[in-house]
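Chemist: Would you mind keeping the following structure in view while I ask a few things?
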Amino acid sequence: MKVVVTGAAGFLGSQLADALLKSNSPLLITQLVLVDAIRPAQRSDPRVSVLALDLRIPGAAERLIDADCNVFFHLAAVVSGQSESDFDLGLSVNFDATRALLEAARRTVPSLIFVFASTCGVFGGELPDVINDKTATMPQTSYGTAKAMCELLINDYSRRKFLDGRFVRLPTVSIRAGRPNTAMTSYASGILREPLNGEQAVCPVREDQKIWISSPGTVVHNIIHAATISADVLGDWRGINLPGFAVSVEEQLRALEEVSGPKAVALVRFKRDEKICHMVESLPIKFDNSRALKLGFHVDTNFVDVLREYIQEEQNKKSGSI
Ligand SMILES: NC(=O)c1ccc[n+]([C@@H]2O[C@H](COP(=O)([O-])OP(=O)(O)OC[C@H]3O[C@@H](n4cnc5c(N)ncnc54)[C@H](O)[C@@H]3O)[C@@H](O)[C@H]2O)c1
């Protein structure tokens, strides 16, 4: 099968590409096209081709979607902080480019399984105590608004059989390797990653502020799983809140101390940032995972294990074993 991944030079897109190429991937890949505005890293696997392409360019969608395409993972996006500071850029990448892809699929290959990386940031405002897949969305950011609009379109395109869409709402993914990004929730990784590297970190929110998270490995597994679910099982609502769990800053720092000692925790200082606090406080922290778990999605067990897994993977990278 031919699979395309957009955002393939990004944090999750590159891990998704690697996972798809593994022998235990549930998708039997014969061709994998990796696309991003920044050229994705070439793999030694002959099934892979890489393409540097800005999805905002007219005709970009048509270049990516042809009649041979079976599955399309759309992860390219401008994340929350940047979408908030540059409204036009956010809307053109997160909404207009997605719409162009949906249209190209409609015209070329209506059987296409289209998996869209959405976000729990579609929720906000006054919320029920527990969120489920059908809770109404009231995003508090331009990023969440663009994602929510794409979700509705994917639902409607699927209802009309223009394509076979699914959107997965990702929790905040933590711990994110590499450098900080422009997501407003970036601190959730920074307060662990930087101290583990012996660097100072600033926490912009209160110690008791909780956040709904999932580890990168679990999220990547779940994004792939979304492509394998039958459309009949999904029914007329193509959205799934990916399972996660709530963890406070305090609990994250306790896990850091357990795994790395008090010196690491001492590298974190608190400096409140009103804008980030406001956005993070608007995010829900209690979801009903039951539909997703019934559909076979995975959930992490606890934060200490997530932290240990991150440390192990970083060590593997340094020793060159992955
Ligand atoms: N990481 C998280 O915590 C999280 C949480 C919720 C949702 N998501 C969603 O998951 C997806 C992947 O997130 P990530 O953390 O890997 O983000 P990322 O920023 O690491 O990757 C996004 C990629 O999209 C590419 N891109 C941006 N504009 C583009 C354009 N015009 N044309 C082509 N490529 C373009 C970027 O170059 C980047 O490599 C995104 O859709 C994001 O909204 C992520």
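Rule-based calculations on the coordinates, nothing more; no lab input. Note that the coordinates shown come from a computational prediction; the quantities given were computed from them, not determined experimentally. FYI the Cβ positions are ideal-geometry reconstructions off the backbone, even for glycines, and counts take in every protein chain you see.
Chemist: Could you say whether any residue in the range 95-103 is outside any helix (DSSP H, G or I), aliphatic (A, V, I, L, M) and in contact with a Cys (Cβ under 9 Å, 6 or more places away or on another chain)?
Modeler: No, the range 95-103 contains no residue that is outside any helix (DSSP H, G or I), aliphatic (A, V, I, L, M) and in contact with a Cys (Cβ under 9 Å, 6 or more places away or on another chain).
Chemist: Which one of the conditions (1) touching a Lys or Arg at 6+ places or on another chain (Cβ under 6 Å); (2) surrounded by fewer than 20 Cβ atoms within 10 Å (Cβ to Cβ); (3) more than 21 Å from G244 (Cα to Cα) does D133 fail to meet, given that it meets all the rest?
Modeler: Single failed check for D133: (3).
Chemist: Right, here's the next one. In this structure, is N181 touching a residue at least 60 places away in the same chain (Cβ under 8 Å), outside any loop (DSSP other than H, G, I, E, B) and surrounded by fewer than 21 Cβ atoms within 10 Å (Cβ to Cβ)?
Modeler: no
Chemist: If we keep just the residues of the range 115-139 that are β-branched (V, I, T) and either assigned to a loop (DSSP other than H, G, I, E, B) or closer than 16 Å to G81 by Cβ (or both), which is farthest from the ligand (Cβ to nearest atom)?
Modeler: V130
Chemist: Also: Taking strands (runs of 3 or more DSSP E) that do not extend beyond the range 204-319, which have at least 2 residues that are in contact with a Pro (Cβ under 7 Å, 6 or more places away or on another chain) and surrounded by 17 or more Cβ atoms within 10 Å (Cβ to Cβ)?
Modeler: 210-214
Chemist: From the list S111, S49, which residue is in a loop (DSSP other than H, G, I, E, B) and more than 11 Å from the ligand (Cβ to nearest atom)?
Modeler: S111
Chemist: I've got another one for you. Of the conditions (1) under 15 Å from D300 (Cα atoms); (2) in contact with a Leu (Cβ under 8 Å, 6 or more places away or on another chain); (3) small (G, A, S), S260 fails just one. Which one is it?
Modeler: S260 satisfies all of (1) under 15 Å from D300 (Cα atoms); (2) in contact with a Leu (Cβ under 8 Å, 6 or more places away or on another chain); (3) small (G, A, S) except (1).
Chemist: Can I ask one more? Name the one entry in S142, S83 that is touching a residue at least 24 places away in the same chain (Cβ under 8 Å) and more than 10 Å from the ligand (Cβ to nearest atom).
Modeler: Checking each option against the conditions leaves just S142.
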